[in-house]
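For reference, the structure discussed in these notes is given below.
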Amino acid sequence: MATETAVDVVMPQMGVSVSEGTVTKWLKQEGEQIEADEALLEISTDKVDTEVPSPASGTLTQILVQEGETVEVGTKLAQIGGAPAANGQAQPAPPEPATAEATAESAAASSSEGETLTAERVAEAAPEPPLAPEHPAAAPEPAGTQPGDGDRDGKSFVSPVVARIASEHGVDPNQVQGSGRGGRVTKKDMLNFIEEGAPAPAPAAPAAPAAPVAEPAEAPAPAAPAPPTQAPPAPQPVVAETGEQLEPMTAMRRGIAEHMRRSLDTSAHVTSAIEVDMSRVVAIRTKLKKEYEKDYGVNPTYLSFVARATVETLREYPWINGEIRGEQIVTRNYVNLGFAVELADGKGLIVPVLKHAEGLNLLGIARGVTDIAQRARDKKLTPDEVQGGTFTITNPGGYGTFHGTPVISQPQAAILGTYAVVKRPWVIQDDRGEDVIAIRPIMNLTLTYDHRLVDGALAGRFLRDLREKLQTWDEAAY
Amino acid sequence: MAEKTYLQAISDGLREEMRRDKRVFVIGEDVGVYGGAFKVTLGFQEEFGAWRVIDAPLSETAIVGGCTGAAIMGMRPVAEMQFADFISCAWDQLVTVAAKQRWRAGTPIPITVRLPSGGGFSGGPFHSQNPESSFAHIPGLKVICPATPEDAKGLLASAIQDPNPCLYFEHKHLYRRIKAEVPDERYETPFGKARIHQEGDDLSVITWGAMVYTAEEAAQQLDGDGVSVEILDLRTLIPWDKQAVLESVRKTSKVLVLHEDTHTGGFGGEIAATIAEEAFEDLDAPVKRITAPDTPVPFSPQLEKAFIPQVEDVVAGLRDLAEY
């Protein structure tokens, strides 16, 4: 019916380093009308979660990647307009002489773990008409004997669990002697075979019936089967013990996990802390708050003050705003300030970046922080806005914590932690130069730095100068 | 600990709940003076009086409707359907009113409906059914199917304490046939926790109610073949212990779902579908179902035998799975 030209919707490139994305939600169903630029689906990558707008107006004829699937950038996700390919089925029907062999192979493939597979499956699913006529030509290869043999019927069916074990251990089920109905290889056969020491699989040549069947490994490897040289076994499937619950990691969680580990493996993390008397900032903030809220609708948070003072201090400490790149030290004449933002559900963290913060005054920073934090929570950030940071501020103090050792956002050199402003008894000098105890709002700041580049004394001086700027806040300058 | 029949365990459990909680009362046809069609409440009226052991008119609608009202007023009624089959008369009160009251108004409806169910004694089409799956489909109801005397007592206590309408299916064929140790003290058996009736490595049988014993006898016959069978007794269908089922599937990879209820729309279908969804890659054979066929329960003893899954049927099914 729909004769409009078909337009493909593909997994967009959400930033240079992003290679895959997960479809989290389809906002339209197959058969529904959609306008160009109307939101079509939501995706999640390890950088951002975002909506994908429709590239064209028309009918959503086909959804090729289901919710929860992770595919490579550029993979076709759906089709707008045109006729649905292959009777609307994502999987093209197998060509006529679909040998049992082929079924077995696809069963084996569908059981292997991980996102690569998903990507392959989707790639397969994309209709590729030219492939079909070629397929029968390729088919005769596995069937060395007459096709109508019937002898391999039971043997060639691979059950899901056998396929999974086979792919986990890199074993070709055809090499295993089957004891099931019609010679089928059962789970037990498979496990016994592996326990006895499966020979390493022949490299990419499953059709090798002449090869000695299940030749016992001569090397005495009784406990563990010889690790297959070809593919490393997929990780063991995770099993929940009694009372435990399993939930799959989101793309964002995996991204965070990978980044945190990599950062600790890369940088030599050291943390220094300093206490800052925030009296002056508190007073100025109280004054500015009304004005800012009335005139600009912006709340000048303590974080904005700290950020503003940090940017100013970083000008004098280029290495702390720098980066080790290979054998070189990178410094720059600008500050792209990252802010760690917790997502609303508590299940994720994102670091939007305020670009060229050195050009922003206190109001500009307050406005920028409010904006990116809100859009981070609404999942409305663009990929560019989470990249290119040169220094990061994290603010776990909202819950009253007074110290922490955050992890550096790679490839930066340092991260500043800000903590709760707490009223504390503080020793100061009165007018006569005598020590007295006053009640002062104190904030702790930590600088966690990469000791490969930043030494303790430098970090100490940075914190001292930052404290000085906050304690003697010069309204006119900022 | 004392050895008790399944029926005795239900009776003792109910009496204990009535003694400890004044809000608990019993209502049903002939439960008072006569002591119940199966004598579960024999002697109750003497002990608790006619106001707590109420002989109801022949109206299941009135019984369940009255229980719902009493529950709203803070009581914990235990209704007896003389036969589970008669519950269809009370469908509207249960499904439209009781099951949805908590959702609509936030009012808990702590009623327990005791349902003598199941066949095996030529009760015919009106006195032999297992209508658990009809109610498992209704959000808001809990479905309990004890198989052992110990569970019969513990699950009844849990049902009476539960703030939701609980359908308690007691299998008539187990009443006096099954005898086992029952703890003397009061205890509650939690919902949604399956019981491993026997452990095994090669095949799993997922079942509940009287079929637990059919499976056990069948499994004994397979011992000789060197096939070890795990029998999982679900104990409650709503909620059901998905985790335990999946664990067993992961262990054995071959599953038989067995129930006395009829085939189409039986709860076994839900279990099989869940296994297919969540443990597909652990399966080494298609999930097999053995159930009653899609007919009313026949009266003739011969036909009833053909209707209710028998030990031979289960043996054949298990052998088929083992050989697959």
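Here are a few things to note about the model shown:
- Pairwise label distance in nanometres, residue B:280 with residue B:263, each label 7 Å out on the Cα-Cβ vector: 2.5 nm
- Rh by Kirkwood over Cα pairs, then Stokes-Einstein D for region B:65-106 at 1.306 mPa s and 10 °C, µm²/s: 145 µm²/s
- Region B:159-219-region B:247-304 distance, computed between alpha-carbon centres (Å): 17 Å
- Amide H to amide H, with H built 1.01 Å from N, residue A:391 comes under 5 Å of A:336, A:338, counting only residues 5 or more places away or on other chains.
- Evaluating 6.51 cos²θ - 1.76 cosθ + 1.60 at θ = phi - 60° for every residue in region A:289-300, the Karplus couplings come out as 4, 4, 4, 5, 5, 6, 7, 10, x, 10, 9, x Hz, glycine and proline recorded as x.
- Separation of the residue A:195 and residue A:472 label points, Cα + 7 Å toward Cβ, nm: 7.8 nm
- Estimated vicinal HN-Hα couplings, Hz - region A:362-370 in sequence order (Karplus 6.51, -1.76, 1.60; Gly, Pro = x): 4, 5, x, 5, 4, 5, x, 5, 4
- Hits among lysines - C-alpha to C-alpha of residue B:179 under 17 Å, sequence gap 8 or more where chains match: B:4, B:39, B:153
- Projected label distance in nm at residue B:102 and residue B:122, using a 7 Å step from Cα toward the beta-carbon: 4.3 nm
- Cα-Cα pairs of region B:76-143 separated by more than 20 Å (percent): 30 percent
- Ellipsoid semi-axes in whole angstrom, largest first, where each is sqrt(5λ) of the Cα gyration tensor of region B:27-73: 19, 13, 7
- Per-residue ³J(HN,Hα) for region B:64-78, Karplus 6.51 cos²θ - 1.76 cosθ + 1.60, θ = phi - 60°, Hz, x for Gly and Pro: 6, x, x, 4, 4, x, 5, 5, 4, 7, x, 8, 10, x, 10
- Rg/Rh, computed from the Cα trace of region B:205-256 with Rh as the Kirkwood radius, has the value 0.99.
- Value at 222 nm in deg cm²/dmol, rounded to 500, when DSSP H runs of n ≥ 4 in chain B each add -39,500 (n - 2.57): -10500 deg cm²/dmol
- Taking 1.306 mPa s as the viscosity and 10 °C as the temperature, the Stokes-Einstein diffusion coefficient of region A:231-296 based on its alpha-carbon Kirkwood radius rounds to 87 µm²/s.
- Averaging 1/r across all pairs of distinct Cα atoms in chain B and inverting the result yields a Kirkwood radius of 19.9 Å.
- Probe 1.4 Å, protein heavy atoms only - accessible area per residue of region B:81-135 in square angstrom: 39 Å²
- With a cut-off of 12 Å on the backbone N, the residues of region B:49-90 near the modelled label site 7 Å out from residue B:33 along Cα-Cβ are B:55-56.
- Intensity falloff of region A:261-403 expressed as log10 I(q)/I(0), Debye formula with alpha-carbon point scatterers, at q = 0.10, 0.15, 0.16, 0.21 Å⁻¹: -0.38, -0.88, -1.00, -1.57
- Cα gyration tensor category, rounded, prolate or oblate, for region A:284-362 with a/c compared to 1.5: oblate
- Between chain B and chain A, the total buried accessible area stands at approximately 1300 Å², from heavy atoms with a 1.4 Å probe.
- Cα convex hull of region B:186-320, projected area averaged across orientations, nm²: 9.0 nm²
- Its residue count N fixes a reference of 2.2 N^0.38 Å for region A:360-420, and the Cα radius of gyration divided by that reference is 1.23.
- Cubic angstrom per residue, convex hull over Cα atoms of region A:337-391: 72 Å³
- Here's how it looks for residue A:6: its modeled amide H is under 5 Å from those of A:82, which are all 5 or more places away or on a different chain.
- Taking one quarter of the surface of the C-alpha convex hull of region B:68-188 gives a mean projected area of 7.6 nm².
- Isotropically averaged projected area of region A:383-478, using the convex hull of Cα atoms (one quarter of hull area), nm²: 8.9 nm²
- Restricting the calculation to Cα atoms, region B:120-256 yields a radius of gyration followed by a Dmax of 15.4, 47 Å.
- The slack in the chain from residue B:228 to residue B:3, taken as 0.36 nm per residue of separation less the alpha-carbon distance, amounts to 78.2 nm.
- A Stokes-Einstein calculation at 25 °C with viscosity 0.890 mPa s, built on the Kirkwood radius of region B:1-125 over Cα pairs, returns a diffusion coefficient of 163 µm²/s.
The values are calculated or read from the model by the stated rules, or taken from the named source; none is laboratory data. These figures come from a predicted structure and were not determined experimentally. No Cβ is skipped: glycine too gets one built from the backbone with ideal geometry, and neighbour counts run over all protein chains shown. Note: areas computed on protein heavy atoms with side chains; ligands, DNA, RNA excluded. Shrake-Rupley method; radii C 1.70, N 1.55, O 1.52, S 1.80 Å.
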